[in-house]
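Take a look at the following structure, please.
The values are calculated or read from the model by the stated rules, or taken from the named source; none is laboratory data. Computed from a predicted model, the values in this text were never measured in an experiment. Note: areas computed on protein heavy atoms with side chains; ligands, DNA, RNA excluded. Shrake-Rupley method; radii C 1.70, N 1.55, O 1.52, S 1.80 Å.
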Amino acid sequence: MAAGGKYYFISDVHLGVSGCCRRELEARFVALLESLRGDAAGVFLLGDIFDFWYEYRYVIPRGHTRALGALARLTDSGVPVWFFPGNHDVWAYSYFEQELGVNVVREPMVKELYGRNFCLGHGDGLGRSGAGFRFIRWMFHNRFLQILFSALHPRWAFGLGYAWAAHSRKVKNEPGRASLYFFRGKDEPLYRFADSFGKRYSSAHGGAGVDYYIFGHYHTPGSIDIPSGGRMYILGCWADGGEYAVFDGDSLEIRTAPRPGWTS
């Protein structure tokens, strides 16, 4: 293991999600964050950490107090944290950077860690080109529509937001539509994105390719080799499992966050 500590990759915690014990979910996430101080070289939060997050200028969403505090303690201890907003928490603006000391990254990026190249992101929309999807994504990212939404009283805004999040999860769990949301391996646009991205990156960097791709979003943990080089890992949803990845400088390991009462 490298002397500088380990790197951790976490996605799809979905804090505040309906249909499970929210306090237990937050406790698992906080316990992991608290355990990283003194051990982590860096932490990458790969989106959908919150089931819904909308940031007002003067209003902080109710709940998640312990999780936000744990993040602040982690960055205060000197551990860098990067946050890639997902499709459930895309509306994160200055709060994470100014109040928590977290670096917000809005596009997939390549990060060199102990001599290995990691392509990191949430995964939503990468490689997809359907008109309906592009329209929804435009709505979510359009600044004018965001300003209009901010004019709603938080009571109504968060009611709508959590209702949308619950509907999205319900649709994902419908058997007839599972293939639309579960990672489909070589048939997935994200797989084709990674292959194409790896070729472009290698060409632009003198043949140095991507060693690891790590994404979330699909809620179905797994991994697959990429033809242009490297291996892609999909992290799971914490409401279902709680998988996260750890890189110690030599190898990448997938772990599961313990539930209350577990001994390991």
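For Val104, which sequence-distant residues (separation of 5 or more, or a different chain) have an amide H within less than 5 Å of its own amide H, given hydrogens modelled in the peptide plane?
Residues meeting the amide H criterion: Phe83.
Enumerate the calculated ³J(HN,Hα) couplings along region 78-93 in order (Karplus 6.51 cos²θ - 1.76 cosθ + 1.60, θ = phi - 60°), each rounded to whole Hz, writing x wherever the residue is Gly or Pro.
Calculated HN-Hα couplings, in order: x, 8, x, 10, 10, 10, 9, x, x, 6, 9, 10, 5, 8, 9, 10 Hz.
Right, here's the next one. Rank these by accessible area, largest first, 1.4 Å probe: Thr65, Thr220.
On the way: Thr65 100, Thr220 30 Å².
From most exposed to least exposed: Thr65, Thr220.
Here's a follow-up. Multiply the residue separation of Ser18 and Ser35 by 0.36 nm, subtract the distance between their alpha-carbon atoms, and state the gained length in nm to one decimal.
Details: separation 17, 0.36 × 17 = 6.12 nm, distance 2.63 nm.
Between Ser18 and Ser35, full extension yields 3.5 nm more.
Using each residue's phi in region 224-238, evaluate 6.51 cos²θ - 1.76 cosθ + 1.60 at θ = phi - 60° and report the 3J(HN,Hα) Karplus result to the nearest Hz, with x for Gly and Pro.
7, 6, 9, x, 7, x, x, 10, 9, 10, 10, 8, x, 8, 6
Using 0.36 nm per residue of separation minus the Cα-Cα distance, give me the extension gain between Glu253 and Ile60 in nm, one decimal. All intermediate terms of the calculation are to be shown ahead of the outcome.
Details: separation 193, 0.36 × 193 = 69.48 nm, distance 3.46 nm.
Computed gain between Glu253 and Ile60 is 66.0 nm.
Can you divide the C-alpha Rg of region 2-49 by 2.2 N^0.38 Å and report the result to two decimal places? Provide the component values of the computation, followed by the final result.
Details: Rg = 12.4 Å, N = 48, 2.2 N^0.38 = 9.6 Å.
With N residues counted in region 2-49, Rg over 2.2 N^0.38 Å equals 1.29.
For region 54-96, just list the percent of Cα-Cα distances falling in each 5 Å bin from zero outward, please.
5, 19, 25, 31, 17, 4
I've got another one for you. How much length would be gained if the chain were fully extended between Val246 and Asp187, taking 0.36 nm per residue of separation minus their Cα-Cα distance, in nm to one decimal?
Working: separation 59, 0.36 × 59 = 21.24 nm, distance 2.68 nm.
Residue separation times 0.36 nm, minus the Cα-Cα distance, leaves 18.6 nm.
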